[in-house]
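Novice: Could you have a look at this structure, given as structure tokens, before my questions?
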Protein chains: 2
Amino acid sequence: MVATIADVARLAGVGVGTVSRVLNGRPNVGASTRARVLAVITELDYVPNATARSLSSGRTRTIAVVCIHFIIPSVIERIHGAERTLTDAGFDLIIRNVETAERRDQALRDLTHAERVDGAILISVTPNEQDYQHIRAAGLPVVLVDASHRSMARFVCDDVEGGATAGRHLLSLGHRRIGFVGDPPRPSLGVPSSRSRLRGLREALAEQGLDVAPHHLAEGEHFRAGGYESALRILKLKDRPTAVFAANDTLAFGVLQAARELGLRVPTDLSVIGYDDIDAADLVGMTTVHQPLYDSGAAAAARLLRLLNGQDHGPLRTVMPTRLTVRETTAPPNTGTAPVKSIHGSSAPVSSSNHHRVR
Amino acid sequence: MVATIADVARLAGVGVGTVSRVLNGRPNVGASTRARVLAVITELDYVPNATARSLSSGRTRTIAVVCIHFIIPSVIERIHGAERTLTDAGFDLIIRNVETAERRDQALRDLTHAERVDGAILISVTPNEQDYQHIRAAGLPVVLVDASHRSMARFVCDDVEGGATAGRHLLSLGHRRIGFVGDPPRPSLGVPSSRSRLRGLREALAEQGLDVAPHHLAEGEHFRAGGYESALRILKLKDRPTAVFAANDTLAFGVLQAARELGLRVPTDLSVIGYDDIDAADLVGMTTVHQPLYDSGAAAAARLLRLLNGQDHGPLRTVMPTRLTVRETTAPPNTGTAPVKSIHGSSAPVSSSNHHRVR
DNA sequence: TGGTCATTTGGAACCGATTCCAGGAGGGAG
DNA sequence: CTCCCTCCTGGAATCGGTTCCAAATGACCA
């Protein structure tokens, strides 16, 4: 049905070796022969079979991207960066989405087994020592993004510094009672970044002799529902914080929702700062700590390509910069004066029920 | 280095054919032989080479997902649904993100060429007649999502009906001057759904003898910036609409941003309704027309798996239901009192004589 | 005991490329 | 004119599976 290299060889009156050399741009092919082969290739609309090529060459030109929770916006932006770079280099990219710890273990094992891919990018997926040994034994090039292993190439942001940035911003606005909403402290799956960001916040506060009050600290589920629940609990307190730092933007949205529901105006009654600077943060005008999501994926892909070519230079650990992005959900704390209606008051739609205060 | 089927055969003292039969769960293998082979497989930690398997069997167990703009949330949710279904069925999924018309053409051509995949799902990517002929000639199973071709299996939502739903909701709240913000009318790439949704809106309005005023209609870029620009233009008008329907949630976010900037309170001064019901719409409490994004991806994947098994039943065109999801950005128009504040200060009270009527 | 048939088994052929080696053609030097 | 070296070229071997065919085995029956 579909033309093969043998068909091309026969019609061009040459051997398959010659066709292969033409296909791969190798030297040692006569000009007229090359022209004849190319003509037949065009005529037959011939494209080499990728599978056969992989089998004989031992390279699949395919990269696995293993990620947790494909639906998380920050993960998607990282994949997007990797996708562009890999596609431009002629590589295919296969997605391995893992949503449970078992799936993660299985995905990491499978990476090396069926020799299906030339390399892998792990996004927010941290290999354990056993995984590492498997990968190393198989000689599979792997680059981590937003994950860590002391012996593997990785691109990370300084989460402690980013957390401190958020803390210093709130402090500079005059906040003293600052709450924190984060991921579960020991997630079965995924990233310790939430804890690092909390640590950064605390370091910033400590410089002023302050700390996060235990009852102003909630570490629940990763998703918005978690941020919402956590924030509700904290914001219902009599001595609720005047500002909340959420370990990522998705959680921060949950905080905003809780504030809206409790009739707290943002930023007048409550400042909220997130982390990641996903697209949606810009949409709703949320202050956040920006980290280079797209770029981290692109950089990891570029590094992986270099590893595949055996050009393994550069440090194992690359720290990418974070920066504060101030929008409309942070402001000085509301001291004393009665709430005033503000046109910019809430990034979220103004609900008619937001007159009554908490309790 | 890595064990092959020949190693297993030798250690088990059987032929490669027998090992293959065991691997694939074929009958006609003696119980004791099977046990011995399985023992060796376990001992060697043997996994069959996926590439070799593909080459000899002619099936790659890989599906291509071709999508426009990998970064669009609705696209991602659809991919997520497809990913789960395909992974559970043991298929790998490769992503082909196309962001220009040329890339789209190339991606569609490549699908059939290198025999790299067993089938494809096209998300918001519409094949032209030539693409269709290529695909048909190659016998490649393909399912469309949010795209149309009269001869291909597809899952769509009734965009006209969805648009009408949005229109009727606004009408029932009492709105008479309704604006529309949509995608460019003739996108080089992508979907005509924006136009269909506008048509639905007009049909709903026509039932009341109304229409969208030409200067209340803006079709700009797909992304938020487009929605923002379009909305700014419309909302600065003296006779600005009391409600805006945006062809998708991303555009609607741009409308919200423009409203915020102009000092228009939502929903008091302006109602906004989107389309898609992406996660972020829930985050900010936006009223929207819900369509089953995840489910459409999952359904398409399930259908594709059936096509691969030769069980091609069911209609070519499957229409999935939409439904109105009312949140906090729509309300009756503000008739009595003047707006609290307005950037341009015109703040003309809504006068019912102002309705734009169908000629 | 011999014949028939179903089941089990080994291994060659094949999938479609790449790669390597040997042989042929052509050009330059002696 | 011969020899040698370089450059082209054809085709067999190879990658690691699946599949098919023929042969071996064993059960059953006359």
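Novice: So which of A:TYR294, A:TYR275 ends up being part of a strand (DSSP E or B) and either touching a Phe, Trp or Tyr at 6+ places or on another chain (Cβ under 7 Å) or at pLDDT 95 or above (or both)? Before you say what the answer is, go through the steps one by one.
Specialist: Numbers: A:TYR294 fails: part of a strand (DSSP E or B).
Within the list A:TYR294, A:TYR275, the selection yields A:TYR275.
Novice: Collect the residues in the stretch B:236-260 that are farther than 13 Å from B:THR329 by Cα, within 14 Å of chain A (Cβ to nearest Cβ) and without any contact (Cβ under 8 Å) to a residue 40 or more places away in the chain, keeping them in residue-number order. Reasoning before the result, please.
Specialist: Of the stretch B:236-260, the ones farther than 13 Å from B:THR329 by Cα are B:236-241, B:247-248, B:250-251, B:254, B:258.
After this cut, where a residue has to be within 14 Å of chain A (Cβ to nearest Cβ) as well, the list is B:248, B:250-251, B:254, B:258.
If the condition is that a residue be farther than 13 Å from B:THR329 by Cα, within 14 Å of chain A (Cβ to nearest Cβ) and without any contact (Cβ under 8 Å) to a residue 40 or more places away in the chain, then B:ALA258 is the only one that fits.
Novice: May I ask you to verify whether A:SER74 is over 23 Å from B:GLU102 (Cα atoms) and facing chain B (nearest Cβ under 8 Å)? Give the steps one after another, and end with the answer.
Specialist: On the way: over 23 Å from B:GLU102 (Cα atoms): yes; facing chain B (nearest Cβ under 8 Å): no.
No; evaluated as a whole, the condition is false for this residue.
Novice: Okay, next question. Here's a check for you: in the stretch B:30-46, which residue that is within 11 Å of DNA strand D (Cβ to nearest atom) and within 28 Å of A:GLY139 (Cβ to Cβ) is most open to solvent (accessible area, probe 1.4 Å)?
Specialist: Selected residue: B:LEU44.
Novice: Determine whether B:VAL29 is among the β-branched types (Val, Ile, Thr) and over 46 Å from the mean Cα position of the chain (by Cα). I'd like the intermediate steps shown before the answer.
Specialist: Details: among the β-branched types (Val, Ile, Thr): yes; over 46 Å from the mean Cα position of the chain (by Cα): yes.
Taking the combined requirement at face value, the residue satisfies it.
Novice: Would the stretch A:270-283 turn up any residue that is touching a Pro at 6+ places or on another chain (Cβ under 6 Å), of a type outside the set (Lys, Arg) and buried (at least 24 other Cβ atoms within 10 Å of the Cβ)?
Specialist: In the first step, residues of the stretch A:270-283 are kept if they are touching a Pro at 6+ places or on another chain (Cβ under 6 Å); the result is A:278.
Now restrict to residues that are of a type outside the set (Lys, Arg): A:278.
When the remaining residues are screened for being buried (at least 24 other Cβ atoms within 10 Å of the Cβ), the result is A:278.
So far as the stretch A:270-283 goes, yes, one or more of its residues are touching a Pro at 6+ places or on another chain (Cβ under 6 Å), of a type outside the set (Lys, Arg) and buried (at least 24 other Cβ atoms within 10 Å of the Cβ).
Novice: Ok, one more. Does any residue of the stretch B:153-174 turn out to be touching a residue at least 12 places away in the same chain (Cβ under 8 Å), within 14 Å of another protein chain (Cβ to nearest Cβ) and more than 22 Å from B:LEU251 (Cβ to Cβ)?
Specialist: Within the stretch B:153-174, not a single residue is touching a residue at least 12 places away in the same chain (Cβ under 8 Å), within 14 Å of another protein chain (Cβ to nearest Cβ) and more than 22 Å from B:LEU251 (Cβ to Cβ).
Novice: Which one is nearest to B:ALA52 (Cα to Cα) among residues in the stretch B:2-29 that are exposed (fewer than 11 other Cβ atoms within 10 Å of the Cβ) and more than 8 Å from DNA strand D (Cβ to nearest atom)? Walk me through how you get there before you give the answer.
Specialist: The first filter runs over the stretch B:2-29 and keeps only residues exposed (fewer than 11 other Cβ atoms within 10 Å of the Cβ), leaving B:24-25, B:27-28.
Subset that is more than 8 Å from DNA strand D (Cβ to nearest atom): B:25, B:27-28.
Values: B:GLY25: 18, B:PRO27: 22, B:ASN28: 23 Å.
Looking at residues that are exposed (fewer than 11 other Cβ atoms within 10 Å of the Cβ) and more than 8 Å from DNA strand D (Cβ to nearest atom), I get B:GLY25.
Novice: Let me ask something additional. Picking from A:ALA298, A:ALA247, A:ALA302, A:ALA258, which residue would you name as being touching a strand residue (DSSP E or B) at 6+ places or on another chain (Cβ under 7 Å) and either of a type in the set (A, V, I, L, M, F, W, C) or surrounded by fewer than 24 Cβ atoms within 10 Å (Cβ to Cβ) (or both)?
Specialist: Unique residue meeting the criteria: A:ALA247.
Novice: Quick one: A:VAL143 ticks every box in (1) farther than 19 Å from A:ARG306 by Cα; (2) of a type in the set (A, V, I, L, M, F, W, C); (3) outside any helix (DSSP H, G or I) except a single one, so which number is it?
Specialist: The one condition A:VAL143 does not meet is (1).
Novice: Taking the stretch A:9-39 on its own, how many of its residues are within 8 Å of DNA strand C (Cβ to nearest atom), away from every other protein chain (no Cβ under 14 Å) and in a helix (DSSP H, G or I)? Spell out the reasoning first.
Specialist: Initially, the stretch A:9-39 is screened for residues within 8 Å of DNA strand C (Cβ to nearest atom), giving A:15-17, A:19-21, A:23-24, A:26.
From what is left, the residues that are away from every other protein chain (no Cβ under 14 Å) are A:15-17, A:19-21, A:24, A:26.
Filter again for in a helix (DSSP H, G or I), leaving A:16-17, A:19-21.
Going through the stretch A:9-39 one residue at a time, the tally reaches 5.
Novice: B:CYS67 passes all but one of (1) within 10 Å of another protein chain (Cβ to nearest Cβ); (2) surrounded by 18 or more Cβ atoms within 10 Å (Cβ to Cβ); (3) on the phi < 0 side of the Ramachandran plot; (4) away from DNA strand C (no atom under 16 Å from the Cβ); which number fails?
Specialist: Against the list (1) within 10 Å of another protein chain (Cβ to nearest Cβ); (2) surrounded by 18 or more Cβ atoms within 10 Å (Cβ to Cβ); (3) on the phi < 0 side of the Ramachandran plot; (4) away from DNA strand C (no atom under 16 Å from the Cβ), B:CYS67 comes up short only on (1).
Novice: While we're here: Can you work out which of the residues in the stretch B:88-116 that are open to solvent by 10 Å² or more (accessible area, probe 1.4 Å) and facing chain A (nearest Cβ under 7 Å) is nearest to B:THR51 (Cα to Cα)?
Specialist: Among those that are open to solvent by 10 Å² or more (accessible area, probe 1.4 Å) and facing chain A (nearest Cβ under 7 Å), it is B:ARG116.
The values are calculated or read from the model by the stated rules, or taken from the named source; none is laboratory data. Remember, predicted model here, so these are calculated numbers, not experimental data. Positions of Cβ are backbone-derived with ideal geometry, glycine not excepted, and every protein chain shown enters the neighbour counts. Side chains included, ligands, DNA and RNA excluded: accessible areas come from the protein's heavy atoms. Shrake-Rupley method; radii C 1.70, N 1.55, O 1.52, S 1.80 Å.
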